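Written out below as structure tokens is the structure these notes cover.
The values are calculated or read from the model by the stated rules, or taken from the named source; none is laboratory data. These numbers come from a predicted model, not from an experiment. All Cβ positions, even for glycine, are placed from backbone atoms using ideal geometry, and neighbour counts span all protein chains on display.
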Amino acid sequence: MPPKHPYIDDASKGALLALINNGDTLFLATKKAKINPKTARGIKRRADEITVYCDTNDLLLPSLYDQVTIAPKLGRPQVLSEIQGNQLKEACKQDRQHHEMFQFEVAEELNIKASRTMIRRETKTQRLNR
């Protein structure tokens, strides 16, 4: 049974990659490392992306430690930065046209990459609700 931890630590990632490098299949390595198979596929995919990048750019292959620690993280940021929040606030108060637009449309106009929920949460904290 995989552990119920929300995040996988670097030691578990390293153990998984070491088992795969020693010749175990991904399925056996996930069972031995006690990691969720979907998470293990993501770890393996990110490690493969790093090795492909190193091969295409004629760089040395990274160690297991480097594959675990510098793996690219995917997805949107969880919060807007303070600068982006201030930009959104100023744009919403700028003129009547921006004031009548939805906050998400204003954020798209400012090239702020965020979900509707994140924009709604930010505008709620800055008391810009409409």
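What the table below lists for this structure:
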{"read-out": "Any hit, segment 16-35, residues being in contact (Cβ under 8 Å) with a residue 40 or more places away in the chain and either touching a Ser or Thr at 6+ places or on another chain (Cβ under 6 Å) or buried (at least 17 other Cβ atoms within 10 Å of the Cβ) (or both)", "value": "yes"}
{"read-out": "Matching residues in segment 21-39 - criterion: being closer than 18 Å to Tyr65 by Cβ and modelled with pLDDT of 90 or more", "value": "Ala29"}
